[in-house]
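Step one of this worksheet: look at the structure below.
The values are calculated or read from the model by the stated rules, or taken from the named source; none is laboratory data. Given the structure is predicted, the values throughout are model-derived calculations rather than measurements. Cβ atoms come from the backbone with ideal geometry, glycine included; neighbour counts cover every protein chain shown.
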């Protein structure tokens, strides 16, 4: 049974960790965002107005390459959904950090690239798993993983940016309809350090996969 699963959630939600856990559990290929090898991301944190379009174009190309490989692999887990990048871009456009015209061009490009075409395999996932976390949990995990350009000690204004991001995620997940979806409570279930929480999360995911006929 083909299983293409994508993780979603804000910065620090635990997407990469759950990708590793889930890929091992299901015996599938794991695909990662590759943040540490992203040459645009540090530039973006220094000047979001200038680099939003470049960052999202870079990520679109990177994620499409991953999607094409995931479709060939048949069974895979990816640590971020391609649909989330538009959420970041829209938030920046709404707050005048990014140009609305650039966002419209990007959004149209994303829609065209993700459209199903006759004779080609669908690029859409079989399941999207959203990890919900509070701002406190988000900030704690961002601090713990230690990327300097993400830290409040580097730029205290990032706290407002992270809080705005969380406010965009809830309606985004509510209206997401490209595939079946499910939500994990990342505050109550710390699947990274708590073995019981990890078992609970894996059980919830297995049940959802059975429900949609993919296990």
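General remarks:
- Counting residues in the stretch 97-115 that are within 22 Å of residue 65 (Cα to Cα), assigned to a loop (DSSP other than H, G, I, E, B) and out of contact with any strand residue (DSSP E or B) (no Cβ under 9 Å at 6 or more places or on another chain) gives one or more.
- Condition check for residue 165: surrounded by 16 or more Cβ atoms within 10 Å (Cβ to Cβ), in contact (Cβ under 8 Å) with a residue 60 or more places away in the chain and under 22 Å from residue 88 (Cα atoms): yes
- Summed over the stretch 173-196, residues that are more than 18 Å from residue 81 (Cα to Cα) and assigned to a helix (DSSP H, G or I) total 2.
- Scope the stretch 139-161; condition surrounded by 16 or more Cβ atoms within 10 Å (Cβ to Cβ) and in contact with a helix residue (DSSP H, G or I) (Cβ under 6 Å, 6 or more places away or on another chain); matching residues: 142, 150
- Candidate set from the stretch 63-85 (those that are crowded, with 19+ Cβ neighbours inside 10 Å and assigned to a helix (DSSP H, G or I)); member that is farthest from the chain's Cα centre (by Cα): 70
- Residue match in the stretch 133-148 (condition: closer than 17 Å to residue 84 by Cβ and either in a loop (DSSP other than H, G, I, E, B) or touching a strand residue (DSSP E or B) at 6+ places or on another chain (Cβ under 6 Å) (or both)): yes
- Residues located in the stretch 116-132, provided they are more than 18 Å from residue 84 (Cα to Cα) and either in contact with a helix residue (DSSP H, G or I) (Cβ under 6 Å, 6 or more places away or on another chain) or not in a loop (DSSP other than H, G, I, E, B) (or both): 121
- Any hit, the stretch 177-185, residues being at pLDDT 95 or above, within 16 Å of residue 135 (Cβ to Cβ), out of contact with any helix residue (DSSP H, G or I) (no Cβ under 8 Å at 6 or more places or on another chain) and surrounded by fewer than 16 Cβ atoms within 10 Å (Cβ to Cβ): yes
- Within the stretch 37-47, considering residues that are part of a helix (DSSP H, G or I) and either in contact (Cβ under 8 Å) with a residue 60 or more places away in the chain or within 18 Å of the chain's Cα centre (by Cα) (or both), the one farthest from residue 128 (Cα to Cα): 46
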